[in-house]
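Chemist: What follows is a single structure, and I will ask about it in a moment.
The values are calculated or read from the model by the stated rules, or taken from the named source; none is laboratory data. If you're wondering where the values come from, they're calculated on a predicted model, not measured in any experiment. Using ideal geometry, Cβ is built from the backbone for each residue, glycine included, and neighbour counts are taken over all protein chains shown. For the accessible areas, the whole protein counts, side chains as well, though only heavy atoms, and no ligand, DNA or RNA atoms are used. Shrake-Rupley method; radii C 1.70, N 1.55, O 1.52, S 1.80 Å.
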Amino acid sequence: MAKKALLLALVLASGLAQAQHETDQDGFTQPLKDLKFNPGLDQREFERSTLDALDVYDPLESWNRSVYHFNYRFDEWVFLPVVNGYRYVTPGFVRSGVSNFFSNLGDVPNLLNSMLQLKGKRSMAVSGRLLLNTTVGVAGLWDPATRIGLPKQNEDFGQTLGYYGVGDGPYLMLPILGPSNLRDTGGLAVDFLADSQINFLNVPEVSSDHPEVTALRMVDKRHTTNFRYGQLNSPFEYEKIRYVYTQSRKLQIAE
């Protein structure tokens with residue numbers, strides 16, 4: 001019986017090795033091993049066709065690229081050094097409180113745009129966040145709402161316009177603010193106006209007399225944004241950022 005089992009094991013092992021050999025020859029185990037490239041392939045044409053897949057309506061590309069390079073250098077020489085200094089001199093719990101405070105202010109336009117888009121469930125969730133964080137969270141310095149299952153939502157007037165079918169228009173690279181488009185740039189202006197008119201916690205009015213509050217808000221925004229220019233390590237970073245921004249906005253509007 002032992003001899004028969006040993007013989008069966010040897011047969012199975014031999015069959016497996018033969019099958020493996022045949023699979024390798026067929027190219028299924030190592031499909032790239034025998035891959036042949038067309039020697040007549042025009043590499044420039046290949047790159048152009050690849051970039052065509054990332055095509056976005058960008059009639060102001062020359063200007064946008066100039067702004068992109070300005071943002072790149074401003075980020076490298078000014079913004080990030082300021083952010084690093086802010087992180088160095090400010091304790092972590094203070095940075096967290098500042099971020100929570102400005103995030104709580106941001107829930108005001110979030111609520112307004114959720115209501116404009118007739119998103120009842122989301123409007124209730126944002127209302128709950130705003131009420132809880134402003135009271136229990138002491139004007140938003142803490143974020144108890146997230147801990148009880150009311151995560152941060154992001155709705156802006158650009159999304160509201162898109163929700164009602166307004167096209168995104170030409171792509172725009174805004175100084176310091178980064179990628180946008182004509183529709184979303186108009187949305188930013190409306191959100192800013194709404195924020196100043198509502199004057200939640202009197203912060204917009206105080207900011208008009210104390211520009212350092214606005215400066216702190218900008219530094220905090222950059223501090224909480226993980227994106228870094230050049231991190232894609234690609235000569236086509238401009239095209240990739242343009243494409244990713246455009247597609248992400250479509251997904252945000254559709255959700």
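Chemist: Once you charge only the Cβ atoms, +1 for Lys and Arg and -1 for Asp and Glu, what is the size of the charge dipole of the stretch 181-255 about its Cα centre, to the nearest 20 debye?
Modeler: With Lys and Arg at +1 and Asp and Glu at -1, about 440 debye.
Chemist: Cα centroid distance between the stretch 69-118 and the stretch 178-255, in Å?
Modeler: Rounded to whole Å, the Cα centres lie 9 Å apart.
Chemist: Sticking with this one: Averaging the inverse of every distinct alpha carbon separation and then flipping it gives the Kirkwood radius. What is it for the stretch 152-234, in angstrom units?
Modeler: 14.8 Å
Chemist: Label-point separation (nm) for Ser208 and Glu255, each offset 7 Å from Cα along Cα-to-Cβ?
Modeler: So the two model labels end up 3.4 nm from each other.
Chemist: Taking the highest mean first, how do the peptides 102-114, 80-92, 178-190 order by number of other beta carbon atoms within 10 angstrom per residue?
Modeler: Those peptides, ordered most packed to least, come out 102-114, 178-190, 80-92.
Chemist: Please work out whether the stretch 79-215 counts as rounded, prolate or oblate from its C-alpha gyration tensor, where a ≥ b ≥ c are the square roots of the eigenvalues and a/c under 1.5 means rounded, while otherwise a/b larger than b/c means prolate and anything else oblate?
Modeler: oblate
Chemist: Oh, and also: What's the ranking of 223-230, 234-241 by average number of surrounding C-beta atoms within 10 Å, highest first?
Modeler: In decreasing order of mean packing, 223-230, 234-241 become 234-241, 223-230.
Chemist: Label Leu188 and Leu118 with points 7 Å out from Cα along Cα→Cβ: what is the distance between them in nm?
Modeler: 3.0 nm
Chemist: I'd like the Karplus ³J(HN,Hα) series for the stretch 105-117: coefficients 6.51, -1.76, 1.60, θ = phi - 60°, whole numbers in Hz, and an x wherever there's a Gly or Pro.
Modeler: Taking θ as phi minus 60°, the curve returns 4, x, 6, 5, x, 4, 5, 4, 6, 5, 5, 5, 8 Hz for the stretch 105-117.
Chemist: Would you mind working out the accessible area per residue for the stretch 88-242, using a 1.4 Å probe, and quoting it in Å²?
Modeler: 54 Å²
Chemist: Let me ask you something else. Based on the mean of other beta carbon atoms within 10 Å per residue, what is the order of 164-174, 207-217, most packed first?
Modeler: 164-174, 207-217
Chemist: Right, another one. Once the whole set of protein chains is in place, how much accessible area is left on Phe192, using a 1.4 Å probe, in Å² to the nearest 10?
Modeler: In the full protein context, Phe192 sits at about 150 Å².
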